[in-house]
Every structure is written in C-alpha cells, then in structure tokens.
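Trainee: Sharing a structure, written as structure tokens. Questions coming.
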Number of protein chains: 2
Amino acid sequence: MKKEILSKIENNKEVVGIIGLGYVGLPLAVNFAEAGVNTLGFDKNQKKVDMINHGDNYIGDIRDAVLRSVVIDEHFLEATTDFSRIRECDALLICVPTPLDKFRKPDMSYIENACIEIGQNMTPGTFICLESTTYPTTTENFMLPIIERESGLKVGKEFWMAYSPERVDPGNINFHTRNTPKVIGGYTPDGLEIGIKLYSKAIETLHPVSSPRVAEMVKILENTYRLINISLINELALLSGKMGINIWEVIEAAKTKPFGFQAFYPGPGIGGHCIPLDPFYLEHIAKQYDFDLSMIHTAGHINMRMPHYMYIKIATALNKHQKSVNGSKLLFLGVAYKPNINDDRESPALEIMDIVAHKGGIISYNDPHIPHVKTNKGHVYNSIELTQEAIKNADCVVLTTNHSAFDVEMVKKHAKMIVDMRNMIPEGGENVYKL
Amino acid sequence: MKKEILSKIENNKEVVGIIGLGYVGLPLAVNFAEAGVNTLGFDKNQKKVDMINHGDNYIGDIRDAVLRSVVIDEHFLEATTDFSRIRECDALLICVPTPLDKFRKPDMSYIENACIEIGQNMTPGTFICLESTTYPTTTENFMLPIIERESGLKVGKEFWMAYSPERVDPGNINFHTRNTPKVIGGYTPDGLEIGIKLYSKAIETLHPVSSPRVAEMVKILENTYRLINISLINELALLSGKMGINIWEVIEAAKTKPFGFQAFYPGPGIGGHCIPLDPFYLEHIAKQYDFDLSMIHTAGHINMRMPHYMYIKIATALNKHQKSVNGSKLLFLGVAYKPNINDDRESPALEIMDIVAHKGGIISYNDPHIPHVKTNKGHVYNSIELTQEAIKNADCVVLTTNHSAFDVEMVKKHAKMIVDMRNMIPEGGENVYKL
C-alpha cells in the first residue's frame, strides 16, 4: 500500500483532498493544483464552494488570476460540500478551525467531525494530516481513535497519519504557503515519508520531527512566544504611560541592540485566530498533567483586560475635554485585527466598541477593508465614508488599526481629538492621546 | 562652559573618569584610552587597581596586549582608589554594580556612593553619565538631587547629566563595547550633545533618545524580554518532560519559521548579573505608580523555582537507579552561569549544589574557568581534575554549564548516569536524563 501511494505521488496521479477552505486550506489547495495535482476542496459552506468553482477568490493572499487558472482553465482544483467524495482522495489534509468556546476551552468539534467524515468515507491506503493548531497529543490520542473506530482500518498498515502545522501569516508579503518552511511529524516512519513526498509538491522546505506531538508543540511554542511578548509590551506600555515614557521611542531604541532582542509593539489587544487562542490549547492539556502554565495564564489575563484599559484611555481623554463617554460621538478607524487585511476575528476594536457603546457612547467606524461588522454583543455597524465632515463631527477619533490606506494627516487636521492606539501619529500633537 | 568641554573633547584634551572597573567599566576605559584619551579608572578594590596599573588583565573580553599597551606603553590609562582625583576629570562615567538585596529590592548604595564622591570632588563643567542598569527615573530623581546637594552646582548650567546603558555581553565574539550601538538620553539638550561627542570616541554608533528615563527603560525592556522568554521556555521544558516531548527538538523546528520567532533555550535557571536582577528594578519603581507588573512577577517566580525543579530531576534520576540523594556522590560540570566565561554570579549551578548538599549529597565539581567557588550557603569547593576516575567514581554527573572545553564523549563513556540540563548530549542515551 505504501508503494502504491508513493508511486501515485511520483507520477502526479494522486488526488489530494483539503478539508476546510479558509485562509489556510484554500492557499494550500491552490498550491497543490498549481503543481498539477488533482485537488478536491471540501467545505460545509455552499457559498464558498460555489465561489471557488466559479473561479471567484475570497482570500487576500491568493491572486485572483491564479485561482481562475487552476479552477477554470486547468481543472486541477474543484470544491465540494459532498464529504462522501473523501473516498476519491489518496491524501486528506485537514485545515479546519480550532476555536475556543465561551469558557476558553478548546472546541474540538471541527476536528472531530472531520475525523468522523474521513473514517466513514476513506478507502484503505490513505494519508491523513492535520494542519490546524491544537494541543500536543491531539493527532495520536484524539484523532487516531476516532478514525480507527469509524473506518475499521489500522494506522501504519492501512492508512497513515501525520501532523504538520500551518504557518500562514495573512498579509505577509514575503512569506506565503509555498516558501514558508513547514514542520511535519509522522505517527509512523512511513507516514512521515509519505507526508514529505506529498507536501514537497506544494512547499519548498520541509522540516521533519520525530512525532506528531513534537510538531504540535512547535506551533504552540511559536504562537505562545508571540502572546507573551505582546502581553509584556502591552503591560510595559501601560506603565510607561503613567511614567511619562514614550514606549514607541523605547522600542525603536531597543531595536538597535544587534543581538538577543526582537521588537514587539503594543496595541489595544491581541486579535486574529491564532495568538489569542492557541496558547490556551496548551493550558488545557497541561491540566491533564497537573501542570500550571503560569506565563500563559498571566499573558492571557493582560490580554483579556486590554480592551477595558483602552476604554479607560478613551474616557480619560474625553474627560480632559470635559466630556463624558455617555453621549459622545466616537469614530473608530480600523476594525481588522491587524493592518491591511479584511479579518476582524477576535479584533480588540470590536470589544472596545462594545464597551464604549455599553457606557453610552455613540459609535461609528470606518475600515476600507471591512464594510460591515457584528460585535460580540451583537451590534451591527456599517463602515461610514471617511470624509472631513465625518471626522469633524466626532467628539473623538480612535485609531484602532494601522491600515496604510488611512490618510492620517487628514484625520489629524480635522479631528477634535484623537486616541492613537497604534502610534500612527508618532510626532503626537496637542489633542493626540497615545497608548 | 559647554564650549570649553566641547573644545577639549575635540582636541583630545579631556580627562575621562570611569567609576567602577568591572566587566563594563574596564573595557570602556580601554576603549577611550585606545582612542588616545587620558583615562582615569576609579575602583575601591586595591587589587584590581594594582593589576591594571601593572598591565595585568582580569576581564575575558579584553585582550591582554591591548591593556598592556594603553597602560604601560602609552600611559593613556591609569587606575586609582583615590576618589578625590575626580577633580581631574572632565567627564565621569559610572559603571558600578546595581545588585538586589536579600529581599530582592534594588541596592542603590553603589550609585549613591558614586554620586556623593562625585558631588564632593567634581569641578564645574563636568559631564556625568550613568551606565549601570537601574529603574527609570534614577538619573533624574535619585542621582541628580544627591549630586546637586553635595556639589552646590546646578545641572544644565554648571554640569551635565545623561544616562547611557551598557550592553556588554560577556563572551560574545561578534559584539564588543565598541561595535555595539549605544543608547543615550541627556537630562538637557546640552548634556546629550556633549555625551554623543564624547562617547563617539569609544563607540561606533550612538542612538540618542529624548530623556534619561527613556534610555533607562530601554535597558530594562531588553533584559525583561530575555527574562520572560527564558522563563517561558523553562516552563514549557518542564511540561514537555512530562509529556514525552523533547523540547530541544521543538525549538530547533520552531527556528525554521522565517519570521516572528526568536529561539531561547531552557536550562537550570537564569544566572549572571543582568537578566535575573534588572526586571525587578522596574517592578520596584512600578509599585510607586500603583502598578503591578504581572509578567515580570510570574517570570521571576518560575526562575526562582528552577533550581528546586533541577534538584527533583536529579533525585528522580537517582531513584531510577535505586539510589537516594542522601549519600550519593554528585559531580557537577560547570558552575559559570553561561558557557565559556569565568563568571559564577547568580549561577543556578551553585544553588542546585546547595540544595543537593542540604539533602545529604556529596558534592564535587569541575569548571575549567573557575578554580574555586563559594555558594550562597557559604560552602567552599575547589574544582577537581576531570579524570576518567573522577567520572567513574560519581553516582551521578550533572551537566550544568555547556562549556565547549568539556569532553562530552569522554564523560558519556565513563559516567554511571548523567543528568543533562543543557542538551550537551543531544542524542541522549540509556543513562542520560534530560531537562
């Protein structure tokens, strides 16, 4: 069976199934299709599937022409909502979400459902690899029993498993799916061998490790590193504010150290799908080992409180102008969680808007990349036009995302008052209040 | 007065006084002397002063020939214990220690004494700069009042002040005092101007910032960054041990991420004069602002407990061989806090030795760079010769510092059992127990 799948891969005869067609799965599918591999994308969302099959792109990091070419001209990529077509696939790469639930516990239901669908539909001789971020031991102890139970097949003999974490950084102009080195750990040596052969078509550099759990920990380490460093700099920013120290100037100066330092920047909180969530996957499994991850716990605590501190910043600034939040008009610029992307998942801007609205503030926003939003509290807003009138009309303009599309000079010229949470106005100004 | 000092600097006529001739002050003094500046080094330690005046070097990062040359041949550098000679100096650069006391509160007595000596002996027209790591506001709120009181002179008019943190990294072969960019913040614009002119003779690149407190925060940020990241990786190493994950393999794999990651390595704890101490300076001043620095607090907590965890590792390993710590012979390899240096300040190895001795272990050690040590508990040990006999004789060999001088193969061949806290035996082995 191993020979068969390796020979298929060698001759570009394999069918690769990608489960989950979001910001991880779709670029990966396009990369395989570009390499001339027959690629089948699975997603429950009929709208996404229809868009792909019409060659319509919805992911910023994929060029429209490339998607059109592999779907419409070359027919290497097809999308479907029909999970029974898993049986057509020789390899299945799982790129489903791994969110936290309301109590910040891992929601494993997407992975579980994918495993059930795979187990019920796969044929013997299939290679299965998870890309979603999750806690170490997931592949071995969570996925494997489900797949073996549902399929009646035996790992290492009738199918193979591996874990290979995605490293997609939306909006990164230098590193894409193809040229970002990829870590992979196989459940058996054969699983690793097949995984490397297969992924080599879509990824330039593969870094094998000794087990899926090592690969799982790699991804958690990468994101935990970011979480704790952003939390540290946010905490130092708050103290610096009290001490009359410009934290941005401090960071620029620290960056001149030519060894042993990497710069992180403060902001209104941490957003996106990875950094605010992934470390808590590790915290979850650590409890099973009677282990308390105090650094992650503390960092999470700071991050959770940042939107509240940001509300205090806004209220304090308004207070200097003898205004209350209650009844003031606040214009937020940017609701994406980082610059120049259209993703508002876990965006701190939305949380701040909810707090300000709850305290009686009158909210509007502009984001050139996100025409409308729904906040956690269920408020729905539409992006307004960013005119001089709109800026003049606001009691306070809050800079929440540093999109390069924003005309900061124009905003500064017309705003009564600005709370700048992203150092978009480095030189400051009379009515500019910084983080 | 400003014109006078600037003209002296321009014509190499100034006398630079360096207060404190340790691993920061002596290299700085040598750099000024190498630039042909008359340099006077102050230290209370008669032995150090005598050594320097005889051209005898005691700092690893200085080449012996260079010290001899500037002292003996060119007479540009002289050392003294006579602080009244401060009056001969046009500039005074303070490089004294800033330790923590037993309750982890900053011990400011070295800075205070330096300021008193300066205030009582300086002449008008002197430039004063602190290099020691300390909490933000030290220059302005702690030093300045002492110097003005003792001297009767007025800052900005009769003398100038600045803060410029040292970035010395002992043992770093690429970056020395001269080629490491240096941050400097003046108390007044004149102080900054004079400071930059002066330091340019000894340092290639200067990075000016707007105030001493910004420069003070820069250094704290740099070292706090290291503290929290080492603490994080130590915590993850302990969890990984329980989960059967090789943390060193995880780190090597994470390093293949080409953006947004910097590797730190676990170990038996954090040593040296900077990383374990400096962040607590910030914690100290933060309390004055009713501010709780939870990341530093948590990191300090982990670091404090590491030697205890390391004792548990040793006890657990011995237990596998049906031995107790009590009565076992333990040979520690390396007592320096990092590889290839002769510095054992705050070294975790010494703390572990104290714990093991307290539990009845029979301690010996070898360190090619440190012939004898005194632990915190007052035990004195002499480095034994690292023979095959010595290794065979030990119930357990503990690898505490990864000096490149150690013949790890030989140790592995002859040791009954090894606890490897520094991944010196990456491939492991039957009787090798890792962090």
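The values are calculated or read from the model by the stated rules, or taken from the named source; none is laboratory data. Since we're looking at a predicted model, the values are computed, not measured. In this analysis, Cβ positions are derived from the backbone assuming ideal geometry, glycine residues included, and neighbour counts consider all displayed protein chains.
Trainee: Hey, could you check the stretch B:230-243 for residues that are facing another protein chain (nearest Cβ under 7 Å) and in contact with a helix residue (DSSP H, G or I) (Cβ under 8 Å, 6 or more places away or on another chain) and say which is surrounded by the fewest Cβ atoms within 10 Å (Cβ to Cβ)? Even if it seems obvious, please write down each step before you answer.
Mentor: Within the stretch B:230-243, the subset facing another protein chain (nearest Cβ under 7 Å) is B:231-232, B:235-236, B:239-240, B:242-243.
Applying the additional criterion that residues be in contact with a helix residue (DSSP H, G or I) (Cβ under 8 Å, 6 or more places away or on another chain) yields B:231-232, B:235-236, B:239-240, B:243.
Working: B:S231: 29, B:L232: 28, B:E235: 27, B:L236: 27, B:L239: 20, B:S240: 24, B:M243: 22.
Ranking the candidates gives B:L239 first.
Trainee: Given (1) among the basic types (K, R); (2) under 18 Å from A:I128 (Cα atoms); (3) surrounded by fewer than 19 Cβ atoms within 10 Å (Cβ to Cβ), where does A:K255 come up short, assuming only one miss?
Mentor: (2)
Trainee: Let me ask something else about it. What residue, of A:R85, A:R104, is of a type in the set (K, R), farther than 22 Å from A:P212 by Cα and at pLDDT below 95?
Mentor: Sole residue among the options that is of a type in the set (K, R), farther than 22 Å from A:P212 by Cα and at pLDDT below 95: A:R104.
Yes/no per residue for (1) touching a Ser or Thr at 6+ places or on another chain (Cβ under 7 Å); (2) under 17 Å from B:D395 (Cα atoms); (3) not aliphatic (A, V, I, L, M):
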| residue | (1), (2), (3) |
| --- | --- |
| B:G327 | no, yes, yes |
| B:F332 | yes, yes, yes |
| B:A336 | yes, no, no |
| B:N342 | no, no, yes |
| B:M353 | yes, yes, no |
| B:I370 | yes, no, no |
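Trainee: From (1) closer than 21 Å to A:L130 by Cβ; (2) in contact with a Leu (Cβ under 9 Å, 6 or more places away or on another chain), pick out the condition that doesn't hold for A:D56.
Mentor: Going through the list (1) closer than 21 Å to A:L130 by Cβ; (2) in contact with a Leu (Cβ under 9 Å, 6 or more places away or on another chain), A:D56 breaks only (1).
Trainee: Still on this model: What do you reckon, is A:K329 closer than 17 Å to A:N431 by Cα, touching a residue at least 12 places away in the same chain (Cβ under 8 Å) and of a type in the set (K, R)? Explain how you work it out, then say what you get.
Mentor: Details: closer than 17 Å to A:N431 by Cα: yes; touching a residue at least 12 places away in the same chain (Cβ under 8 Å): yes; of a type in the set (K, R): yes.
Here the answer is yes, as A:K329 does meet what is asked.
Trainee: What's the number of the condition B:Y309 fails, among (1) surrounded by fewer than 23 Cβ atoms within 10 Å (Cβ to Cβ); (2) among the aromatic types (F, W, Y); (3) at the interface with chain A (Cβ under 10 Å from one of its Cβ atoms)?
Mentor: So B:Y309 meets the others, but not (3).
Trainee: Would you confirm whether or not the stretch B:277-294 contains a residue that is facing chain A (nearest Cβ under 10 Å) and of a type in the set (V, I, T)?
Mentor: Yes, the stretch B:277-294 has at least one match.
Trainee: Going by the structure shown, is A:G20 within 27 Å of A:P339 (Cβ to Cβ) and surrounded by fewer than 16 Cβ atoms within 10 Å (Cβ to Cβ)?
Mentor: On the way: within 27 Å of A:P339 (Cβ to Cβ): yes; surrounded by fewer than 16 Cβ atoms within 10 Å (Cβ to Cβ): no.
So A:G20 does not fit the description; no.
Trainee: Of the residues B:V356, B:V411, B:V432, which is farther than 19 Å from B:K320 by Cα and of a type in the set (A, V, I, L, M)? Write out each step before concluding.
Mentor: Values: B:V356 fails: farther than 19 Å from B:K320 by Cα; B:V432 fails: farther than 19 Å from B:K320 by Cα.
Of B:V356, B:V411, B:V432, the one residue that is farther than 19 Å from B:K320 by Cα and of a type in the set (A, V, I, L, M) is B:V411.
Trainee: If you go through the stretch A:109-129 one residue at a time, do you hit one that is small (G, A, S), part of a strand (DSSP E or B) and within 28 Å of A:G272 (Cβ to Cβ)? Break it down stepwise before answering.
Mentor: Keep residues of the stretch A:109-129 that are small (G, A, S), which gives A:109, A:114, A:119, A:125.
Filter again for part of a strand (DSSP E or B), leaving none.
For the stretch A:109-129, residues small (G, A, S), part of a strand (DSSP E or B) and within 28 Å of A:G272 (Cβ to Cβ): absent.
Trainee: Assuming B:I19 fulfils every condition listed in (1) more than 21 Å from the chain's Cα centre (by Cα); (2) touching a residue at least 12 places away in the same chain (Cβ under 8 Å) apart from one, which condition is it?
Mentor: Failing condition for B:I19: (1).
Trainee: Another question about this same structure. Report yes if B:E78 is surrounded by fewer than 24 Cβ atoms within 10 Å (Cβ to Cβ) and not in a helix (DSSP H, G or I), otherwise no. First the steps, then the outcome.
Mentor: On the way: surrounded by fewer than 24 Cβ atoms within 10 Å (Cβ to Cβ): yes; not in a helix (DSSP H, G or I): yes.
Against the criterion (surrounded by fewer than 24 Cβ atoms within 10 Å (Cβ to Cβ) and not in a helix (DSSP H, G or I)), B:E78 qualifies.
Trainee: If only one of B:D61, B:D90 is closer than 23 Å to B:S164 by Cβ, buried (at least 21 other Cβ atoms within 10 Å of the Cβ) and of a type outside the set (A, V, I, L, M, F, W, C), which one is it? Talk me through it step by step, then tell me what you get.
Mentor: On the way: B:D61 fails: buried (at least 21 other Cβ atoms within 10 Å of the Cβ).
Result of the check over B:D61, B:D90: B:D90.
Trainee: Please pick out the residue among A:I184, A:I220 that is touching a residue at least 24 places away in the same chain (Cβ under 8 Å), over 30 Å from A:M306 (Cβ atoms) and at the interface with chain B (Cβ under 10 Å from one of its Cβ atoms).
Mentor: Numbers: A:I220 fails: over 30 Å from A:M306 (Cβ atoms).
Of A:I184, A:I220, the one residue that is touching a residue at least 24 places away in the same chain (Cβ under 8 Å), over 30 Å from A:M306 (Cβ atoms) and at the interface with chain B (Cβ under 10 Å from one of its Cβ atoms) is A:I184.
Table: residues versus (1) surrounded by fewer than 19 Cβ atoms within 10 Å (Cβ to Cβ); (2) without any contact (Cβ under 8 Å) to a residue 24 or more places away in the chain; (3) small (G, A, S).
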site: A:R149; (1), (2), (3): yes, no, no
site: A:P165; (1), (2), (3): no, no, no
site: A:S200; (1), (2), (3): yes, yes, yes
site: A:I228; (1), (2), (3): no, no, no
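Trainee: For the stretch B:266-285, what are the residues that are in a loop (DSSP other than H, G, I, E, B) and either in the same structural domain as B:E427 (by TED's automatic domain parsing) or within 20 Å of B:V168 (Cα to Cα) (or both)? Can you show your working first?
Mentor: At the first step, the residues of the stretch B:266-285 found to be in a loop (DSSP other than H, G, I, E, B) are B:266-277.
Result: B:I270, B:G271, B:G272, B:H273, B:C274, B:I275, B:P276, B:L277.
Trainee: Return the residue satisfying two criteria in turn: it lies in the stretch B:200-217 and is out of contact with any Lys or Arg (no Cβ under 8 Å at 6 or more places or on another chain) and among the hydroxyl-bearing types (S, T, Y), and of such residues it is nearest to the other protein chains (Cβ to nearest Cβ). First the steps, then the outcome.
Mentor: So the first thing to find is which residues in the stretch B:200-217 are out of contact with any Lys or Arg (no Cβ under 8 Å at 6 or more places or on another chain), and the list is B:200-201, B:208-217.
After this cut, where a residue has to be among the hydroxyl-bearing types (S, T, Y) as well, the list is B:200, B:210-211.
Values: B:S200: 15, B:S210: 6, B:S211: 8 Å.
So, considering only residues that are out of contact with any Lys or Arg (no Cβ under 8 Å at 6 or more places or on another chain) and among the hydroxyl-bearing types (S, T, Y), the one nearest to the other protein chains (Cβ to nearest Cβ) is B:S210.
Trainee: Within the stretch B:251-272, is there a residue that is more than 30 Å from A:T137 (Cα to Cα), more than 8 Å from every other protein chain (Cβ to nearest Cβ) and touching a strand residue (DSSP E or B) at 6+ places or on another chain (Cβ under 6 Å)?
Mentor: No, that holds for no residue.
Let's see how each residue does on (1) under 17 Å from B:V419 (Cα atoms); (2) in the same structural domain as B:F406 (by TED's automatic domain parsing); (3) touching a strand residue (DSSP E or B) at 6+ places or on another chain (Cβ under 9 Å):
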residue	(1), (2), (3)
B:F332	yes, yes, yes
B:E346	no, yes, no
B:A357	yes, yes, yes
B:G360	no, yes, no
B:Y365	yes, yes, yes
B:H379	no, yes, yes
B:I384	no, yes, yes
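Trainee: So which of A:I275, A:I314 ends up being touching a residue at least 24 places away in the same chain (Cβ under 8 Å), hydrophobic (A, V, I, L, M, F, W, C) and within 30 Å of B:M243 (Cβ to Cβ)?
Mentor: Working: A:I314 fails: within 30 Å of B:M243 (Cβ to Cβ).
Answer to the check: A:I275.
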